[in-house]
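Remarks on the structure that follows.
The values are calculated or read from the model by the stated rules, or taken from the named source; none is laboratory data. Note that the structure is predicted; figures quoted are calculated from it, not measured. Heads up, the Cβs are rebuilt from the backbone with ideal geometry, glycines too, and the neighbour counts pull from every protein chain shown.
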Amino acid sequence: MPRNKISSHILDHLAQQRRVIVADWRFYVVYKAVARLFGYVPPGPTKVHQVIRELCGSHAIGPVEGVSGVFRITIPYASILPAPQEIVLQEANPAAVFSDFTAAAYHNLTNEIPNGIYLTASRGLSTRLPLGTSPEDWLDIPEPRRRTPRSIDETPVYWSQTKPEWDFGSAIGYCQGCPIYITDLERTLLDGLRCPGRSGDALEVLRMWKRAVTTVNLDTLIEYVSRFNQTLLRQRVGFLLEQLGSTHRILDEWATQSVRGSSARLIADRDFSPTFSKRWNLSINVPDAILSELREDS
């Protein structure tokens with residue numbers, strides 16, 4: 001155990017929060033809270049790095065292999081608590097959101113096992129606070145570094161970026177009792193339709209929509225589609241909703257705004273098909289059996 005009182009207070013603070021995985025930015029936040037509580041001089045980056053080095057030297061913490069700036073607490077209390085990969089990645093990039101295939105599995109939309117871990121990060125500033133912090137914690141503290149490790153424990157990690165204006169539709173979920181940011185059900189469905197390759201494949205995405213038909217919030221889904229403001233997305237969503245037996249007052253308006261073109265396909269990464277929806281001006285480039293599956297019991 002460290003002999004430095006500040007380091008000991010920081011470990012006590014982390015133990016009270018039941019934290020096992022801690023990034024360098026969180027040490028900064030906790031050090032600031034400890035300094036305020038015990039009347040120490042507020043820390044700067046150099047002081048924080050000194051504390052991290054001391055804790056590593058005393059074997060109270062150790063680096064997470066392959067993920068810079070993230071540490072695992074090794075003192076006894078932490079040995080009985082989970083340290084899932086998702087928490088390591090959330091500490092590495094606290095504004096990122098678990099998305100696509102990872103979110104689909106979280107929402108029980110797929111029976112497939114994801115081939116890695118999927119996250120999405122904004123290209124600009126994010127309005128999401130790092131989990132376990134408050135706005136006051138970030139006064140006079142630099143914004144956390146956003147790291148993007150490509151693998152963790154030999155599991156591939158797949159990152160995507162989104163425009164700041166499209167950085168919406170996230171919620172707080174839990175992984176083995178630990179909080180994470182994850183795309184909500186409606187955003188997960190739309191992301192699958194927009195980038196099917198990041199959610200298994202196109203046919204699995206359509207089955208996800210089928211599985212979600214009784215739980216999806218249509219008003220939220222429609223709002224998200226409107227925020228993307230893409231005609232082709234409206235066509236795809238409108239067609240799918242009607243195939244699934246869902247109705248909404250805005251669908252007629254969307255249908256009148258639909259346009260034809262070589263890109264007007266239900267699935268973007270599949271070849272154009274002569275099978276066509278006149279109402280939605282859309283090439284229906286999936287097998288008839290899949291459409292029949294969507295309509296079953298709808």
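Brief remarks follow.
- Residue in the stretch 35-50 that is closer than 19 Å to Asp140 by Cβ, crowded, with 16+ Cβ neighbours inside 10 Å and hydrophobic (A, V, I, L, M, F, W, C) present: yes
- Checking Leu109 against (1) part of a loop (DSSP other than H, G, I, E, B); (2) under 13 Å from the mean Cα position of the chain (by Cα), the condition it does not meet: (2)
- Every residue from the stretch 214-245 that is farther than 22 Å from His107 by Cβ and either among the charged types (D, E, K, R) or in a loop (DSSP other than H, G, I, E, B) (or both): Asn229, Gln230, Arg234, Glu242
- Some residue of the stretch 256-265 being closer than 16 Å to Leu193 by Cβ and part of a helix (DSSP H, G or I): no
- Scanning the stretch 211-240 for residues that are aromatic (Phe, Trp, Tyr) and under 11 Å from Glu186 (Cβ atoms) gives a single hit, Tyr224.
- Residues of the stretch 150-183 satisfying the condition of being surrounded by fewer than 19 Cβ atoms within 10 Å (Cβ to Cβ) and assigned to a loop (DSSP other than H, G, I, E, B): Arg150, Asp153, Glu154, Lys163, Phe168, Gln176, Gly177
- Within the stretch 20-71, the set of residues being of a type in the set (Ser, Thr, Tyr), within 14 Å of His9 (Cα to Cα) and either free of Cβ contacts under 8 Å to residues at least 24 places away in the same chain or outside any helix (DSSP H, G or I) (or both) comprises just one member, Tyr40.
- The test for being surrounded by 15 or more Cβ atoms within 10 Å (Cβ to Cβ) and under 28 Å from Pro114 (Cβ atoms) holds for Phe71.
- Here the stretch 51-63 is the region considered, the condition is being exposed (fewer than 14 other Cβ atoms within 10 Å of the Cβ) and in contact with a Ser or Thr (Cβ under 9 Å, 6 or more places away or on another chain), and the residue that is nearest to Ala83 (Cα to Cα) is Gly62.
- Applying the criterion of being outside any strand (DSSP E or B), buried (at least 17 other Cβ atoms within 10 Å of the Cβ) and at pLDDT 95 or above to the residues of the stretch 116-146, the residue that is nearest to the chain's Cα centre (by Cα) is Pro130.
- From Arg150, Arg145, residue being touching a residue at least 40 places away in the same chain (Cβ under 8 Å) and basic (Lys, Arg): Arg145
- Residue match in the stretch 207-226 (condition: among the acidic types (Asp, Glu) and within 26 Å of Glu112 (Cα to Cα)): no
Conditions (1) among the charged types (D, E, K, R); (2) farther than 23 Å from Tyr158 by Cα, marked per residue:
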| residue | (1), (2) |
| --- | --- |
| Thr183 | no, no |
| Asp191 | yes, no |
| Leu218 | no, yes |
| Thr247 | no, yes |
| Ile267 | no, no |
| Arg279 | yes, yes |
